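Q: Below you will find the structure I want to go over with you.
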């Protein structure tokens, strides 16, 4: 019977885990998770991600132990870590899911593939999303996605055959602790969600049966969206829950409500959510098909439109970036969202789009440093979605509608009574409702009465909204109007554009 290592990456669960189920049928199995120095050193990494991963690994370790095997956690480069493990516990098979990630994970997978050939180890990868590898054409992609999602989730193994007691003791002696991996890094996400397969299923059930009725209406607001949104994104990002499991649970819930005349809101909201599960994979497919979008514009006609190299930034550009990062732009909803992300690692989609739009248009900053910072603040960072969206909200795809969000209008529309703003910006706690979106317009006496002195206790706007808006709109539409931009847009659409009919806006 062949001995196998199941290599866990962003699939930290036992349910609907085809590699684990298949390996379990063939022989002894050891689970492995590797904290890779390259990933830990990447500009997208955050200690908050590690905390969530550690939660997941703790529950995964317990599940594998209850089934009869072990989970090893190592800290080291790849494939060197495989070399050491292979010397300790010779295995013939390696099982894992496909991963669509950063360029460093793509390069690592190529090294692992070469290592497997040298060591005569059979590596089997299985898809875990609707991402198709390789994809010749976007035509028909939605149908492929449905065919991936329609089969029922794979049942977790009922038992596993693990290494012997002596082997287990020897193997576990080299496990890496969380403190070994974390070092001196401090996790700013003190109010973030907890990870793990058990937690994921609790969140899924509460969304489908308790919180999700008003999802369609409430998902755009930072207050109501906090509970009305699924909150499953970090679990999907790290695979403590599979997207197919969520798809089937959502379909089952919709079906159970079909004949309930009082459940119209539920049905509409869950149908809306179900579409977004496909969008999840749609955006990941973009990175799978063109890994270069991690580094360069989708539409190359926009190259040079903004300065990417921070070492070449002017002092003004650096000041604008620092104000945005620190939640000190003078635009209350922008600042509240940035401060919220620092502590919680989550904000709803509309606010994410506004943050990128504001940085790209009002502050005229390149999407790459903006994306890297937000990656460290998004607990649910998923490279394919993240870089696709950051480019889209910056207007450099050439195929998407240019949306320049007004931070003032968004504050008025999405937080009209200022509850969210006041929660995260205590300096504005006593500012009257009529000034909460634009506190700089308070008369001096009102500022004193509210204990909020603009330019002292809370900053004046870092840029003037109208001036920045007009300048950005002119520049982006001038760039879009060139013949090269139109030619590039045709290429981008052929390679990446959705072939589905346009659905509702978020």
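Read-outs: derived from the displayed coordinates by stated rules, not from any lab. If you're wondering where the values come from, they're calculated on a predicted model, not measured in any experiment. Cβ atoms come from the backbone with ideal geometry, glycine included; neighbour counts cover every protein chain shown.
Q: Between helix 483-496 and the chain, what is the angle of the helix's C-alpha long axis to the longest principal axis, kept within 0 to 90° and rounded to the nearest 10?
A: Long axis of 483-496 versus the principal axis of the chain: about 40 degrees.
Q: Further question: Nearest 0.05, what FRET efficiency do residue 137 and residue 113 give at R0 = 25 Å with Cβ-Cβ as r? Please report the intermediate quantities before stating the final value.
A: Values: r = 25 Å, r/R0 = 1.02.
Approximately 0.45, to the nearest 0.05.
Q: May I ask for the distance between the Cα centers of the range 154-218 and the range 267-322, given as a whole number of Å?
A: Going from one Cα centre to the other spans 28 Å.
Q: Starting from the Cα of residue 122, step 7 Å toward the Cβ, then list every residue of the range 85-102 with an amide N under 13 Å from that point.
A: Residues passing the 13 Å test: 92-95.
Q: Give the relative contact order (percent, whole number) for the chain; include only Cα pairs under 8 Å separated by 6+ residues.
A: Values: 795 pairs, mean separation 90.6, N = 506.
Once normalised by length, the contact order is 18 percent.
Q: Now, a different point. With a point put 7 Å past each Cα toward its Cβ, work out how far residue 449 is from residue 423 in nm, to one decimal.
A: 2.8
Q: Another question, then. Taking 0.36 nm per residue of separation and subtracting the Cα-Cα distance, what length does fully extending residue 191 through residue 84 add?
A: Values: separation 107, 0.36 × 107 = 38.52 nm, distance 3.74 nm.
My answer for the length gained is 34.8 nm.
Q: Report the full-extension gain for the segment residue 1 to residue 412: residue separation times 0.36 nm, less the Cα-Cα distance, to one decimal in nm. Let's see the in-between values first.
A: Values: separation 411, 0.36 × 411 = 147.96 nm, distance 6.50 nm.
Taking residue 1 through residue 412 to full extension adds about 141.5 nm, to one decimal.
Q: A further question on this structure: Please compute the Kirkwood hydrodynamic radius over the chain, one decimal place, Å, based on all pairs of different Cα atoms.
A: Working: mean 1/r = 0.0409 Å⁻¹.
Taking the inverse mean of 1/r over all distinct Cα pairs, the chain comes out at 24.5 Å.
Q: Simple spin-label model, 7 Å along Cα-to-Cβ: residue 260 to residue 66 in nm?
A: The modelled label-to-label distance comes out at 2.8 nm.
Q: For the residues 35, 282, 362, what sequence is obtained by ranking on other C-beta atoms within 10 Å, fewest first? Present the calculation step by step, with values, prior to reporting the outcome.
A: Details: 35 20, 282 23, 362 27.
By the 10 Å Cβ count, ascending: 35, 282, 362.
Q: For residue 92 and residue 38, what does the FRET efficiency come to when R0 = 25 Å and r is the distance between their Cβ atoms, rounded to the nearest 0.05? Don't skip to the answer; put the middle values down first.
A: Values: r = 27 Å, r/R0 = 1.08.
The calculated FRET efficiency here is 0.40.
Q: A further question on this structure: What is the P(r) of the range 197-289, as percent of Cα-Cα pairs per 5 Å bin from 0?
A: Percent of Cα pairs in each bin: 3, 14, 24, 25, 19, 10, 4, 1, 0.
Q: Would you please classify the overall shape of the range 247-337 from the alpha carbon gyration tensor, given that a ≥ b ≥ c denote the square roots of the eigenvalues, rounded means a/c under 1.5, and beyond that prolate means a/b larger than b/c while oblate covers the rest? Let's see the in-between values first.
A: Details: a/c = 4.66, a/b = 1.89, b/c = 2.47.
Since a/c reaches 1.5 but b/c is at least a/b, the shape of the range 247-337 is classed as oblate.
Q: Could you tell me whether the range 1-128 comes out rounded, prolate or oblate from its Cα gyration tensor? Rule is a ≥ b ≥ c as square roots of the eigenvalues, rounded for a/c under 1.5, then prolate if a/b exceeds b/c, otherwise oblate.
A: Details: a/c = 1.60, a/b = 1.14, b/c = 1.40.
Oblate shape, in that a/c is at least 1.5 and b/c is the bigger or equal ratio.
Q: Still on this structure, I have one more. Using the 10 angstrom Cβ neighbour count as an exposure proxy, how do 290, 44, 441 rank, fewest first?
A: Working: 290 15, 44 21, 441 10.
Going from least to most buried by this count: 441, 290, 44.
Q: Quick check: Cα centre of the range 361-399 to Cα centre of the range 8-75, how many Å?
A: 28
Q: Let me ask something additional. Please work out how much length the chain gains when fully extended from residue 311 to residue 106, using 0.36 nm per residue of separation minus the C-alpha to C-alpha distance, in nm with one decimal.
A: Values: separation 205, 0.36 × 205 = 73.80 nm, distance 2.74 nm.
Extra length available between residue 311 and residue 106 comes to 71.1 nm.
Q: Quick check on the exposure proxy: order 161, 221 from fewest to most C-beta atoms within 10 angstrom.
A: Numbers: 161 16, 221 21.
If I rank by nearby Cβ atoms, fewest first, I get 161, 221.
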